[in-house]
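Notes follow the structure.
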Amino acid sequence: MLRLQQRPLTGFLAIAIGFFALSPGTANAQNWAEKMFKDTTHDFRIVGRGTKSEYHFELTNIYEEDIHIAGVRTSCGCTTPTITKETLKTHETGAIVATFNTNTFIGQKAATVTVIFDRPSYAEVQLKVSGFIRTDITFDPPEVDFGDLPSGRTGEREVVITHSGNSNWQILDVRSHCSNLRVRLDPAERTPGLVRYRMSVKMDENMAEGDIHERLTLISNDRSFPTTEMSISGHIRPTVSVTPKAVSMGSTTSDGKVEQRLVIRGEEPFEIDDVLCADERFTFEVPVGSKKVHFVKMRYNGDGTTDPISQEVRIVTNLPGKKSASCIVTGSVH
C-alpha cells in the first residue's frame, strides 16, 4: 500500500514543499503519481530559432516508499525529455526537464511527455508542452547563463539579438517576473533587412540561492509576434549547506537508538550557534570553533512512543543574518 506521510513537518518547509493531510486511501487512486508534480503543463510561448528553451517539471516524493522513474517518452521530436533523478526517497525533489528543440523545428509545436513510474507501483503521468519557434530572430549566446556563483555575488552577461527581414523592427520593452534582474539595451544597429541589439542583463546580489530558471519577455512593434521569450539560467551556491538533505533513520523500535552524521559546509569559516528540531527524541553533538566544514552527530533516542519520524532539522550559524541550512529526517517506529 502506498502511504503518505501522516505527520506533517514542522516549520516553514512543510508549507514550501506542499504536504497535505491526505488519507492513505487517497494515495491508492490512479493519479497518485500526478500528486507529486507542481504542474503538468507549460507554454514556451514564442521563442527564437536556436535559443535554449527548457522547462523543469518539478516533483517531490510525498510518500513513505521510494519512488522510481522507469523512463520518459515524447510524442514529438520537437521536445526532448530528461530525468534529473530517477529514484526519490521521502521528501526528495527531482525534475523532468523538457527541452524545446529550437534548432531543428520551426513554427507552432506541441508535445506530450509521458513519465513512467514502476515503483512502488506502476503509473504514468502526462506532461504537456507547447510553443512557437520563429525563424526571424536569434540570440547570441542562445541563453543568458550566469553560471555558478556564490550567494550575494552580482553577475552581468551580454547577448546580441538579431532580427532579419524588417529594418523597422524595434524592441519597445523587456520584462521579467524576477525583481533581481536589470536590463540595458544599446541603440539598435540597422542595415537593410537587419536589426541588431546588444542587451546587457545584470543580476543583483539578492538573487535567491539555488538554481535559476527565469525568462525575459521582449516586447516589440511586430503585430504578428509582439513578444519573444529568452531564458535565464545559473546557480547560486548557498552560503551554508547540509548533507544529506533527506535523512532516513530507517525502521526502529520505540526504545531504539539511531545515529547519523550531518556534514555542514560554508563558503567561509563559520561557527554553529544552534541546531533546531521540534522532536525531543533527537539530540545533537555540535563541534566548536570556526571552520568551513563541520560534522554534527545526530542521535535518535526512543522514548517509548511510536510516533513516526518526520522532522525538519535546522542548523543555525553565526554568519551574517544567522544563515542556516535545513534537512528533512524521516523514519518509522514500531
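Of the GluC sites (Glu not before Pro) in the stretch 252-334, which ones lie in a loop per DSSP and count no more than 12 other C-beta atoms within 10 Å? Write out the running numbers ahead of the final one.
Numbers: sites: Glu259, Glu267, Glu271, Glu280, Glu285, Glu312; in loops: Glu271, Glu280.
Filter output for the stretch 252-334: Glu280.
If you plug each phi of the stretch 130-147 into the Karplus form 6.51 cos²θ - 1.76 cosθ + 1.60 with θ = phi - 60°, what whole-Hz ³J(HN,Hα) values come out, in order, with x for Gly and Pro?
7, x, 10, 9, 9, 9, 9, 9, 9, 10, 9, x, x, 8, 8, 10, 7, x
Could you work out which residue, out of Val113, Val263, Val247, moves most in a Gaussian network model of the chain, that is, has the largest mean-square fluctuation with Cα springs under 10 Å?
Val263
At 20 °C and 1.002 mPa s, grab the translational diffusion coefficient of the stretch 240-333 from Stokes-Einstein with a Kirkwood Rh over Cα pairs, rounded to a whole number in µm² per second.
Working: Rh = 13.6 Å.
Calculated translational D: 158 µm²/s.
Please identify, among Thr112, Thr90, Thr154, the residue showing maximal mean-square fluctuation in a Gaussian network model of the chain using a 10 angstrom Cα cutoff.
Comparing Thr112, Thr90, Thr154 in a Gaussian network model of the chain, the most mobile one is Thr154.
Taking only the alpha-carbon positions of the stretch 137-237 and ignoring solvent, what does the Debye formula give for the base-10 log of I(q)/I(0) at q = 0.11, 0.23 Å⁻¹?
Values, matching the q order: -0.34, -1.19.
Translational D (Stokes-Einstein, µm²/s) of the stretch 210-279 at 37 °C and 0.692 mPa s when Rh comes from the Kirkwood sum over C-alpha pairs? Intermediate values should be presented prior to the final figure.
Numbers: Rh = 17.4 Å.
Approximately 188 µm²/s, per Stokes-Einstein.
In whole Å, how far is the Cα centre of the stretch 126-171 from that of the stretch 266-284?
After rounding, the separation between the Cα centres reads 42 Å.
Kirkwood Rh, the stretch 43-149, all Cα pairs: how many Å? Can you show the working numbers first?
Working: mean 1/r = 0.0666 Å⁻¹.
Over the stretch 43-149, the inverse of the mean reciprocal pair distance is 15.0 Å.
For Lys109, give me every one of the lysines with a C-alpha distance below 20 angstrom, ignoring sequence neighbours fewer than eight places off in its own chain.
Lys52, Lys128
By how many nm would the segment from Ala208 to Arg182 grow when fully extended, if each residue of separation counts as 0.36 nm and the alpha-carbon distance is taken off?
On the way: separation 26, 0.36 × 26 = 9.36 nm, distance 1.51 nm.
Gain in length upon complete extension: 7.8 nm.
May I ask which residue of Gln126, Thr51, Met298 lies farthest towards the positive end of the charge dipole of the chain, with charges of +1 (Lys, Arg) and -1 (Asp, Glu) on Cβ and the Cα centre as origin?
Result: Thr51.
Between rounded, prolate and oblate, where does the chain land on the alpha carbon gyration tensor, with a ≥ b ≥ c its root eigenvalues, rounded for a/c under 1.5, else prolate if a/b exceeds b/c? Let's see the in-between values first.
Working: a/c = 3.41, a/b = 1.64, b/c = 2.07.
The shape class here is oblate.
Every number in this text was worked out from the coordinates using simple rules, so none of it is lab data. Everything numeric here is computed off the predicted structure, so don't read it as measured data. So basically every Cβ, Gly included, is an ideal-geometry build from the backbone, and we count neighbours across all protein chains shown.
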